[in-house]
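Asker: Have a look at this one before I ask anything.
The values are calculated or read from the model by the stated rules, or taken from the named source; none is laboratory data. Predicted model, so just to flag it, every value in this text is computed and none were measured. No Cβ is skipped: glycine too gets one built from the backbone with ideal geometry, and neighbour counts run over all protein chains shown. The protein model used for the area step is the full one, side chains on, heavy atoms only, and it has no ligands, DNA or RNA in it. Shrake-Rupley method; radii C 1.70, N 1.55, O 1.52, S 1.80 Å.
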Amino acid sequence: MTADMLSSSHRHAGTVPFSAGTAAPRAAVPSQACDCHMHLYDRRIPAVAGARLLPPDATVADYRQLQQRIGTRRTVLVTPSTYGADNRPMLAGLQALGTDARGVAVIDGTETDAELQRLDGLGVRGIRLNLSLGVTGSEAQIEPLARRIAPLGWHLQLLMVPDRLADLADVLERLPVPLVFDHFGRMAPDDAHRHPAHALLLRLLAEGRTWVKLSGGYIVSASHTVDDPALDTLARSYLAVAPHRVVWGSDWPHVTASAGHHPMPDDAAQVDALSRWIGHDDAALHRVLVDNPRTLYGFDA
């Protein structure tokens with residue numbers, strides 16, 4: 001698959017079909033802002049057996065329309081659970097988006113050192129284990145995979161239910177790589193300051209071992225909206241402990257919404273929610289959208 005193939009939409013070009021609303025954010029988005037969590041989909045790439053999410057095509061051309069609307073420039077592409085450890089759509093997206101993009105791959109542990117070095121050269125900076133909706137990977141792989149990627153300076157991104165997260169505290173605390181937890185650590189907002197997994201995440205953040213992505217807030221919220229006051233409390237708990245270790249992601253193209261699990265979110269509203277969480281502070285917004293992603297993913301200054 002080439003970047004040109006992935007960049008071309010299989011639909012009639014138009015407004016981005018994967019986000020509610022059409023307005024730009026009210027917040028003043030900085031010029032090098034990074035969306036640290038999005039996915040690409042292409043029906044020409046077969047889904048892994050057992051995949052639970054089979055969304056419509058979502059191309060680079062579609063995503064660039066979203067960037068123009070919300071004002072982001074940099075991007076982190078994450079291989080979604082749909083493709084297992086087949087990273088071709090993500091890698092094609094990296095090629096199409098160039099130096100403004102970084103990748104998070106899925107690996108199964110059988111890759112050679114040469115293959116991992118190749119991925120690094122293409123812009124991959126971490127791997128993801130989706131132990132929530134994914135059908136590739138297991139808890140038993142956490143330590144072996146962390147050891148494989150440690151020499152590359154990559155991070156391990158985890159998505160798992162809070163109960164299991166809390167149970168694995170000893171494992172997570174001895175890993176030789178940074179950890180990244182997407183989708184608010186998959187924490188239900190009402191469990192903030194109540195669940196032991198939330199206390200674990202706050203401790204890991206304070207120790208400088210961990211990053212949290214303020215992504216998928218509409219997924220973890222009981223009301224499936226980023227306007228949920230309980231979500232405000234959860235977001236601010238992470239920002240208060242380690243504002244330099246929090247990044248933001250849209251989770252475009254919102255495949256759980258296209259699958260009918262909840263309403264389609266408005267990405268401009270997601271940006272404005274972030275602005276609200278950081279107190280409408282331009283310097284803090286720059287830190288979360290520009291400075292922190294530069295540190296985590298190695299973007300140029």
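Asker: Restrict the check to the stretch 268-279 and report whether at least one residue is surrounded by fewer than 20 Cβ atoms within 10 Å (Cβ to Cβ), over 23 Å from Leu168 (Cα atoms) and of a type in the set (Ser, Thr, Tyr).
Answerer: No; the residues of the stretch 268-279 include none that is surrounded by fewer than 20 Cβ atoms within 10 Å (Cβ to Cβ), over 23 Å from Leu168 (Cα atoms) and of a type in the set (Ser, Thr, Tyr).
Asker: Ok, one more. Could you please let me know if Ala24 is modelled with pLDDT of 95 or more, more than 19 Å from the chain's Cα centre (by Cα) and either acidic (Asp, Glu) or in a loop (DSSP other than H, G, I, E, B) (or both)? If you could, list the steps in order and put the result at the bottom.
Answerer: On the way: modelled with pLDDT of 95 or more: yes; more than 19 Å from the chain's Cα centre (by Cα): yes; either acidic (Asp, Glu) or in a loop (DSSP other than H, G, I, E, B) (or both): yes.
Judged against the criteria, Ala24 is a match.
Asker: Being outside any loop (DSSP other than H, G, I, E, B) and either within 27 Å of His261 (Cβ to Cβ) or open to solvent by 40 Å² or more (accessible area, probe 1.4 Å) (or both) is the filter here, so list the residues in the stretch 153-164 that pass it.
Answerer: Kept after step one, since they are outside any loop (DSSP other than H, G, I, E, B), are these residues of the stretch 153-164: 155-159, 162-164.
If the condition is that a residue be outside any loop (DSSP other than H, G, I, E, B) and either within 27 Å of His261 (Cβ to Cβ) or open to solvent by 40 Å² or more (accessible area, probe 1.4 Å) (or both), then Leu156, Gln157, Leu158, Leu159, Pro162, Asp163, Arg164 are the ones that fit.
Asker: For Gly216, are the conditions met, namely being in contact (Cβ under 8 Å) with a residue 40 or more places away in the chain and of a type outside the set (A, V, I, L, M)?
Answerer: Values: in contact (Cβ under 8 Å) with a residue 40 or more places away in the chain: yes; of a type outside the set (A, V, I, L, M): yes.
In short, yes.
Asker: Specify the residue that is surrounded by the most Cβ atoms within 10 Å (Cβ to Cβ); the eligible residues are those in the stretch 51-110 that are at pLDDT 95 or above and among the basic types (Lys, Arg).
Answerer: Ranking the qualifying residues of the stretch 51-110, first place goes to Arg102.
Asker: Let me ask something else about it. Given (1) within 30 Å of Asp108 (Cα to Cα); (2) β-branched (Val, Ile, Thr); (3) modelled with pLDDT of 95 or more, where does Val48 come up short, assuming only one miss?
Answerer: That leaves (3) as the condition not met.
Asker: Still on this structure, I have one more. Quick one: in the stretch 239-260, of everything that is free of Cβ contacts under 8 Å to residues at least 40 places away in the same chain and surrounded by fewer than 16 Cβ atoms within 10 Å (Cβ to Cβ), which residue is farthest from Ser223 (Cα to Cα)?
Answerer: Checking each candidate, the answer is Ala240.
Asker: Go through (1) open to solvent by 20 Å² or more (accessible area, probe 1.4 Å); (2) of a type in the set (A, V, I, L, M, F, W, C); (3) touching a strand residue (DSSP E or B) at 6+ places or on another chain (Cβ under 6 Å) for Ala150 and report which single condition fails.
Answerer: Single failed check for Ala150: (3).
Asker: Give, as residue ranges, the helices (runs of 4 or more DSSP H) completely inside the stretch 210-301 that count at least 3 residues that are modelled with pLDDT of 95 or more and within 28 Å of Gly93 (Cβ to Cβ). Write out each step before concluding.
Answerer: Values: elements: 217-220, 229-241, 255-258, 267-277, 282-286, 292-297.
Passing ranges, in order: 217-220, 267-277, 292-297.
Asker: Here is a follow-up. Residues of the stretch 280-300 being touching a Leu at 6+ places or on another chain (Cβ under 9 Å) and over 16 Å from His37 (Cα atoms), which ones?
Answerer: Of everything in the stretch 280-300, those that are touching a Leu at 6+ places or on another chain (Cβ under 9 Å) and over 16 Å from His37 (Cα atoms) turn out to be Ala284, Leu285.
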